[in-house]
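Okay, so here's the structure we're looking at.
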C-alpha cells in the first residue's frame, strides 16, 4: 500500500527490513544494544560486526538505551547507510505507559533521522514481536506519529513500514484507512 502524508510517501510492504535500500532502517533493539532475537538479531547478522562494534562504543559512552530513545550507527554491510536503534516497550497490559513509550520510539527515530539529513527510512513493527504489543494498537500509534511528524516537518521523501507477515500488514493498512478517514 502507498499513500501520501503531505509530501512524504508512506509505504507499507511485507518483506525483510535488512534488504531495504532506504538511507536508514530502524532496529527494534533491546536496551543492551548487543543484538538479540527477532529483527534485532537479523539486522546484526546481516550488517556484520561493524554494527555491534559501534553499539558497544555507544553503550560504553552512555550505558543502556532507555525505552523510547534512539541512537544511530552505520549500516555495516547492509544496503542502508545507517541503522537507527530504538527500544520499544514490553507490553504489560497498557498499565506502564506503553503507548507513549512506543510513540516516543518512532518520534525519536524520526527526529534523529531528520538531524542527520536522512530522507528515506524503513521501520519494522516495533514491539509487536517478542515484546507482545498488540499489533492493531501499535499500528495506530506508529502511523499516527509518522503522519503527524511528516505533516509538521516535511523533510522525508519516504517512510516505509516493512512488515513481517500478511496479518501485520493488514493491521497497518486498516490502521491507515482509519487514520485518514477521521
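Sort out which residues of region 146-163 are in a loop (DSSP other than H, G, I, E, B) and either out of contact with any strand residue (DSSP E or B) (no Cβ under 7 Å at 6 or more places or on another chain) or buried (at least 22 other Cβ atoms within 10 Å of the Cβ) (or both), and write them in order of number.
153, 155, 156, listed by residue number.
On the stretch given as region 148-158, residues that are modelled with pLDDT of 95 or more and over 14 Å from residue 108 (Cα atoms) total 3. When you scan region 63-82, do you find a residue that is more than 24 Å from residue 170 (Cα to Cα), free of Cβ contacts under 8 Å to residues at least 12 places away in the same chain and either in contact with a helix residue (DSSP H, G or I) (Cβ under 8 Å, 6 or more places away or on another chain) or surrounded by fewer than 22 Cβ atoms within 10 Å (Cβ to Cβ) (or both), even just one? Looking for residues that are more than 24 Å from residue 170 (Cα to Cα), free of Cβ contacts under 8 Å to residues at least 12 places away in the same chain and either in contact with a helix residue (DSSP H, G or I) (Cβ under 8 Å, 6 or more places away or on another chain) or surrounded by fewer than 22 Cβ atoms within 10 Å (Cβ to Cβ) (or both), one finds at least one in region 63-82, hence yes. Being under 25 Å from residue 74 (Cα atoms), crowded, with 19+ Cβ neighbours inside 10 Å, at pLDDT 95 or above and touching a helix residue (DSSP H, G or I) at 6+ places or on another chain (Cβ under 6 Å) is a property that residue 135 lacks. Of everything in region 108-124 that is part of a helix (DSSP H, G or I) and in contact with a helix residue (DSSP H, G or I) (Cβ under 9 Å, 6 or more places away or on another chain), the residue that is surrounded by the most Cβ atoms within 10 Å (Cβ to Cβ) is 110.
When the residues of region 17-37 are filtered to those that are under 23 Å from residue 90 (Cα atoms) and over 13 Å from the mean Cα position of the chain (by Cα), the one that is surrounded by the fewest Cβ atoms within 10 Å (Cβ to Cβ) is 37.
Cβ-Cβ under 7 Å, sequence separation 6+ or interchain: first residue in region 26-41 and touching a residue at least 24 places away in the same chain (Cβ under 8 Å) and at positive phi, partner assigned to a helix (DSSP H, G or I) and surrounded by fewer than 23 Cβ atoms within 10 Å (Cβ to Cβ). Which pairs? Taking only residues 6 or more apart or on different chains, the pairs are 33/55; 33/58; 33/59. Whenever a residue of region 124-144 is over 11 Å from residue 176 (Cα atoms), its partners that are in a helix (DSSP H, G or I) and at pLDDT below 95, lying with C-beta atoms within less than 6 angstrom and at least six residues away or across chains, give the pairs 124/39; 129/38; 130/38.
The values are calculated or read from the model by the stated rules, or taken from the named source; none is laboratory data. Since the model is a prediction, treat every value here as computed from it, not as a measurement. Virtual Cβ from ideal backbone geometry, glycine too; neighbours counted across all protein chains shown.
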